[in-house]
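> Quick one: the structure is below, questions incoming.
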Amino acid sequence: MKLLFLVLDGAADRPNERGETPLSMAKKPNLDSLAVQGALGLHYPLGVGKAPESDAAVLSILGYDPDKYYTGRGPLEALGVGYRVKEGYEVAFRANFATINPESRIILDRRVGRSLESWEAQELAKAVDGIELGGGLGYARVMATIGHRAVVIIGVKSGRLSGDVTNNDPAYVRVGKVSVAVPNPDNKLAQIRPLNPQDEASSLTARLANEFVDKVISILKDHPLNKERARKGLLQANVILMRDAGDSLPKVTPINQLYGLKFGAVAEMPVERGIARALGMDIEEVKLYNAPKDEVLSERFEATMRLLERVDVAYVHLKGPDEPGHDGDLKGKVKAIEDIDEYYVARLIKGNWDGSILVTSDHATPWSLKAHSDDPVPIMLKSSRVKADGLTFNEVNASKGSLGRFEYGWLIMSRVKGLVF
Ligand SMILES: O=C(O)[C@@H](CO)OP(=O)(O)O
């Protein structure tokens, strides 16, 4: 038996007064045809009341309780681009190229208006990669990943650093090891502060990180690429926002060993690729990004089918609906769901793929909030031994489904394994 575990990033949403959501509004005949033959339910990725970031949520729905295993998004984003943080000497941050007013340090756009091409980010990263910090004691590495996204490594040649520092990105606030989305965040670039001021490693990390950001602002404001962008009337990428610092990778039982099944991954974003790598999954690479949606999703589908030739469970993470959710774009979020249905799920049906299918989201990204939320997330399982609920796939129907409620995302996989294998 094979299982396709399909995660539609941020597709879940908050029902309006008529119970409507992008999932219920989207024309998704293929997802609905699977749903009516399957069982529905709801899950709370990190538990009731917690608005998760994608990384903690994905660790959870794969069966790893973030309270026990999560060590910060930075090291996972770094691993996603092949960089293993040097524990004790380095701290990795998830980073965004962003736009600020360099004088007032007011953030004008956290993502450079989603207008930054990956090659531009690579150029800008080169200009600030390798900056010396702390009078030569420390250094910074900058790796651009996809679009506005990047990884920043703050390191020292001797001594110790710690991931116990806050974010300078006001959209996410540290709560212990995890960062939680802030609805309607402040727009001022924050100072990075030690979470443990009495720990020299925590204080040194904060000092070096703030010195790095100051140097980045002075270097990027005069960068020719930003001058060119300004000339074209485009937002400048003149600061780097940093969040979710970590100084180590999760120490976990490899997922194949945890379930006695072979797992593989098709993941579009570095953080999910980093999680898959950290859990020991077999990764099928995908390369298309700035291409028409039908080509991008077709590539993801073909990668999925290749992977299912050699694994029992294919974890496939499709980014689509999350971004329009963050942008408050209801139509865009409905369209992202419809594209996945038309160019990915349809091919499962047309190809009469006969494995089991588990579909959910990592978290809700309500378009009205423009941020992740703690809303419950719909889940659907179609499998030969699972009785059909006869319901289409959306949040209201999922609340009536026979799978019931999973109080934590990390309860899903063991239950599904029992139902499917
Ligand atoms: O990378 C992304 O797509 C999002 C969510 O993970 O982050 P940000 O809100 O900083 O763009």
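Values quoted throughout were computed directly from the atomic coordinates according to the rules given, and no laboratory measurement underlies them. Everything quoted here is computed from the prediction, not taken from an experiment. Every residue, glycine among them, receives a Cβ derived from its backbone with ideal geometry; neighbour counts consider all protein chains shown.
> Quick check on the chain: of the DSSP beta bridges with both residues there, what percent are antiparallel, nearest 5%? Display every interim value, and only then the final one.
Details: 42 of 64 bridges.
About 65 percent, rounded to the nearest 5.
> Please compute the Kirkwood hydrodynamic radius over region 76-246, one decimal place, Å, based on all pairs of different Cα atoms.
Numbers: mean 1/r = 0.0630 Å⁻¹.
Value: 15.9 Å, from the Cα pair sum.
> What is the dipole size for region 76-246, taken about its Cα centre, with +1 at each Lys and Arg Cβ and -1 at each Asp and Glu Cβ, in debye to the nearest 20?
On the way: 24 positive and 20 negative charges, 52 e Å.
Once rounded to the nearest 20, the dipole reads 260 debye.
> Run a plain Debye calculation on region 76-115 (Cα atoms as equal point scatterers, no solvent) and give log10 I(q)/I(0) at q = 0.19 Å⁻¹, rounded to two decimals, same order as the q list.
-0.69
> Pairs of alpha-carbon atoms within less than 8 angstrom and 6+ residues apart define the contacts here; what relative contact order does region 18-110 have, in percent? It would help to have the intermediate numbers written out before the result.
Numbers: 53 pairs, mean separation 11.8, N = 93.
Once divided by the residue count of region 18-110, the mean separation gives 13 percent.
> Separate question: Looking at the P(r) of region 311-421, how many percent of alpha-carbon pairs lie beyond 26 Å?
Values: 1306 of 6105 pairs.
Percentage above 26 Å: 21.
> Please state the relative contact order of region 111-188 as a whole percent: Cα pairs under 8 Å, 6+ residues apart? Please list the in-between numbers first.
Details: 96 pairs, mean separation 15.3, N = 78.
Reported relative contact order: 20 percent.
> Over 26 Å apart: what share of the alpha carbon pairs of the chain falls there, rounded to a whole percent? Before the final figure, lay out each step's value.
On the way: 46829 of 88410 pairs.
The calculated P(r) of the chain puts 53 percent of pairs beyond 26 Å.
> Continuing with this model, one more query. Ignoring solvent entirely, what values of log10 I(q)/I(0) come out of the Debye formula for region 1-92 at 0.12 Å⁻¹ when each Cα is a single scatterer?
-0.57
> Treating only the Cβ atoms of Lys and Arg (+1) and Asp and Glu (-1) as charged, compute the dipole magnitude of the chain about its Cα centre; round to the nearest 20 debye.
Charge dipole, the chain, about its Cα centre: 240 debye, nearest 20.
> Once whole DSSP H runs in the chain are found, which of them have Cα atoms spread over 20 Å or more along the helix axis and a mean Kyte-Doolittle score of at least -0.5?
Details: long enough: 200-220 (30 Å, 0.55); 293-308 (22 Å, -0.39).
Span-like helices here: 200-220, 293-308.
> Charges at C-beta only: +1 for Lys and Arg, -1 for Asp and Glu. How large is the resulting dipole of region 48-148 about its Cα centre, in Debye rounded to 20? Spell out each step's value before the answer.
Numbers: 12 positive and 14 negative charges, 31 e Å.
Dipole about the Cα centre, nearest 20: 160 debye.
> Reported to two decimal places, what Rg/Rh ratio describes region 354-418 when computed on Cα atoms with Rh from the Kirkwood expression?
Values: Rg = 12.7 Å, Rh = 13.0 Å.
That ratio is 0.98, to two decimals.
> Relative contact order of the chain, please, whole-number percent, based on alpha carbon pairs below 8 angstrom and at least 6 residues apart. Please report the intermediate quantities before stating the final value.
On the way: 1033 pairs, mean separation 143.3, N = 421.
Here the relative contact order equals 34 percent.
> Could I ask something else about it? Considering only Cα-Cα distances, which of the following residue pairs are longer than 21 Å: Lys188/Lys227; Lys2/Lys251; Lys86/Lys157?
Working: Lys188/Lys227 23 Å; Lys2/Lys251 27 Å; Lys86/Lys157 11 Å.
Flagged as over cut-off: Lys188/Lys227; Lys2/Lys251.
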